[in-house]
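For reference, the structure discussed in these notes is given below.
The values are calculated or read from the model by the stated rules, or taken from the named source; none is laboratory data. Computed from a predicted structure; not experimentally measured. Cβ: placed from backbone, ideal geometry, glycine included. Neighbour counts: every protein chain shown. Accessible surface is based on the protein model in full, side chains and every heavy atom, while ligands, DNA and RNA are left aside. Shrake-Rupley method; radii C 1.70, N 1.55, O 1.52, S 1.80 Å.
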Amino acid sequence: MKKLYTLVLTLISMSAFAQETKQMQVLKWIQTDETLLSVELEKVANSIITRFNQSKIAQISSNKIPSNLPPNYLLEMKPSTSAAEGFAFRKVVDSTQTIWFDYTAISRSSVGLLVTNISNGTLHSNYNLNGEASVDQEFTLRFQDLGWNKGTAMTDSLKKQITSKAKILLGSKFGPVRAKAFDAMLVNIGVYAANLPFQIFPFRMPFKEVLTTKKDRAVLVAISGLIELGFPLERGVVIYEILERKVDGITYEQAKYLGTAIHQINKKTKAAEFEVSKGGEEILSALNSGKQLWYAPFSPFVKNKYPDARPGIALQMAAADLTPRQWSDLYYKLRVSSLAVRGGYNPIVDRGKNALIQKEREIQKGDAYIDKANIEQFKAVGAGYIIDIQFISFKDVFDQSTHIFRFEVKYVIRLIQVETSEVLAEVSSTFDQSWSHPMAAFSDRKDAQEYMQMSAAGNNYKPVLRTIGLNYLSFNLREVFNRALPLKIDVLEIIEEKKDKAERILVAGNFNAKVKDDDYYICRKKLTQVGGEELIRIEQIGVGDIDGTVGTGMAIIKLKKGEKEVFQAMKAGEKLYCFDKPEWFIDGQYTQQLKRAGF
């Protein structure tokens, strides 16, 4: 069952704060097959919608309320819910001949949100909201209800029997407790949703005025505009200055944090007054020196001045054996994965949504390559590259006697250049996942739901298992991108050194610095002549992890290997780079790709 919500989000004019006026529209709720939970899912979605409405930066009205505003963005929600519970023996009270039990209900929800720019089909941003709440309730049962006599020794075996029987007897009373946990979870996820408009459309405003000072530090400052936007006043704002760095023709903005200010909720002050909780001296000194300062909700907002003609990346998937729901779920997963891998390097062209909005023809293709007509369509929506995925085979196995699941899929990913139809990279992969669920009573409803779905399917379980297995599937997109379009990350400077060793370095490039699950390798470039051809070889000299970000595409790398070598190279004036996977470029066979990336 699918439900479509057409929502209108209107950004108020921010001209007073040197911001562009924007409008945002249209939300489609991607419904999952959790039909038993459809009412709960709708409540989760409505909780987020209600919170969005409380912010003037993004006002939402459902399709039941007509709007004349033109659509600018598509906001999609993919909600899911799960629940767990615990029931335990607590104590025996002989005087009242009662036994006490503790019951805990836990409710969880996860909501994926995607924001797509309708005008050009690019994926603007993606977020994942998680909410959780638990409610505890005490219950009592009399000895006679449980068939237990006063004074009888309580053994572990007897305790288990009594607890099992009590759970059955009290089962009808658990529903209201679960409902309380669910309602509490709605409140929690709504609180997180209240901040989303400010994160989907981050902004900054000029900071100009210190109201009161004490011993050369700012105490109260004037912050205007946030209250009018419905900004949650319990949250602080950061005050900072912006440093610009130019690297290879791209201007990177680096945020230099100065301090934090918090609204005076419990004092009789003007609405625009905020108390400086940190950095009072730094804020006052910077302002007195004539520097331009800014403030922003949550964290500093900086941006890169990329060339306007950045080619977008479109997604295409050939999978004849998938149901429409499976195809939709995978497409969603790919869009999120692509955004996470590339960050600000290339916009993700969501041709699927462009087709939805412009009523284009169906994009699923039987072959893996792109015909001329399709090339022109991808060009029309700003795609310079295409991620093309072809599924080769599936293996779906379920052992009903042991409850063991096994899912395997073989697929090929190609990155194709739209202009030339050239396959820039091709990687074959096999994803294999095995898992099992306990054969006893389930405490987690996700496990229970998977098992019940499989049991209900009987011998025709393969389509169900495939849907479940595809939820676990992860694509190796980073390998494809790194081979075809290696990220050019420049090492700018050593920002912390100790005893002729580089401890931390500052890097900048067209990469997503928030992706921290991989090592980053510090390398130097070498040119080698082979048969009259100049090849680019990469030599690794150090390894580090991201230790923090200072701007979009700018990060601090904490070295864990090669500290001395990196120190010596930087002091000697050598140009160093960061790589995600340098081994592909060691022998020079990827010279064309490195040159394409600007090395």
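One table, with the values for the structure above:
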{"item": "The stretch 72-117, residues that are charged (D, E, K, R) and open to solvent by less than 10 Å² (accessible area, probe 1.4 Å)", "result": "Glu76"}
{"item": "Some residue of the stretch 376-385 being touching a strand residue (DSSP E or B) at 6+ places or on another chain (Cβ under 8 Å), within 17 Å of Pro463 (Cα to Cα) and either at pLDDT 80 or above or part of a strand (DSSP E or B) (or both)", "result": "no"}
{"item": "Of residues in the stretch 230-244 being out of contact with any Lys or Arg (no Cβ under 6 Å at 6 or more places or on another chain), surrounded by fewer than 20 Cβ atoms within 10 Å (Cβ to Cβ) and at pLDDT 85 or above, the one farthest from Phe207 (Cα to Cα)", "result": "Glu244"}
{"item": "Subset of the stretch 163-179 [surrounded by 12 or more Cβ atoms within 10 Å (Cβ to Cβ), among the polar types (S, T, N, Q) and within 18 Å of Ala83 (Cα to Cα)]", "result": "none"}
{"item": "Failed criterion for Pro206 (all others in (1) under 25 Å from the mean Cα position of the chain (by Cα); (2) at pLDDT 85 or above hold)", "result": "(1)"}
{"item": "Which listed residue, of Ala261, Ala222, is of a type in the set (Gly, Ala, Ser), free of Cβ contacts under 8 Å to residues at least 60 places away in the same chain and surrounded by fewer than 16 Cβ atoms within 10 Å (Cβ to Cβ)", "result": "Ala222"}
{"item": "Test: Val177 is touching a strand residue (DSSP E or B) at 6+ places or on another chain (Cβ under 6 Å), at pLDDT 90 or above and either closer than 28 Å to Val302 by Cβ or of a type in the set (S, T, N, Q) (or both)", "result": "no"}
{"item": "Of all residues making up the stretch 222-259, the number that are part of a strand (DSSP E or B) and within 23 Å of Gly551 (Cβ to Cβ)", "result": "21"}
{"item": "Enumeration of residues in the stretch 483-510 that are open to solvent by 10 Å² or more (accessible area, probe 1.4 Å) and not hydrophobic (A, V, I, L, M, F, W, C)", "result": "Arg483, Lys488, Glu493, Glu496, Glu497, Lys498, Lys499, Asp500, Lys501, Glu503, Arg504, Asn510"}
{"item": "Which listed residue, of Ser328, Ser299, is at pLDDT below 90 and open to solvent by less than 50 Å² (accessible area, probe 1.4 Å)", "result": "Ser328"}
{"item": "Filter pass, Gly469 being farther than 30 Å from His403 by Cβ, surrounded by 20 or more Cβ atoms within 10 Å (Cβ to Cβ) and either modelled with pLDDT under 85 or under 23 Å from the mean Cα position of the chain (by Cα) (or both)", "result": "no"}
{"item": "Residues of the stretch 551-564 satisfying the condition of being modelled with pLDDT of 90 or more, assigned to a strand (DSSP E or B) and open to solvent by less than 20 Å² (accessible area, probe 1.4 Å)", "result": "Ile557, Leu559"}
{"item": "Residues being part of a strand (DSSP E or B), in contact (Cβ under 8 Å) with a residue 60 or more places away in the chain and either open to solvent by less than 20 Å² (accessible area, probe 1.4 Å) or out of contact with any Lys or Arg (no Cβ under 9 Å at 6 or more places or on another chain) (or both) - total across the stretch 118-136", "result": "7"}
{"item": "Flag if Gln433 is within 17 Å of Asp329 (Cβ to Cβ) and modelled with pLDDT under 85", "result": "no"}
{"item": "Answer from Gly548, Gly598, Gly542 - the residue that is at pLDDT 90 or above and either assigned to a strand (DSSP E or B) or within 26 Å of Thr251 (Cα to Cα) (or both)", "result": "Gly542"}
{"item": "Residue in the stretch 568-575 that is modelled with pLDDT under 85 and in a helix (DSSP H, G or I) present", "result": "no"}
{"item": "Members of the stretch 515-524 found to be assigned to a strand (DSSP E or B) and at pLDDT below 90, listed by number", "result": "Tyr520"}
{"item": "Residue check, Glu534 closer than 27 Å to Asn304 by Cα and in a strand (DSSP E or B)", "result": "no"}
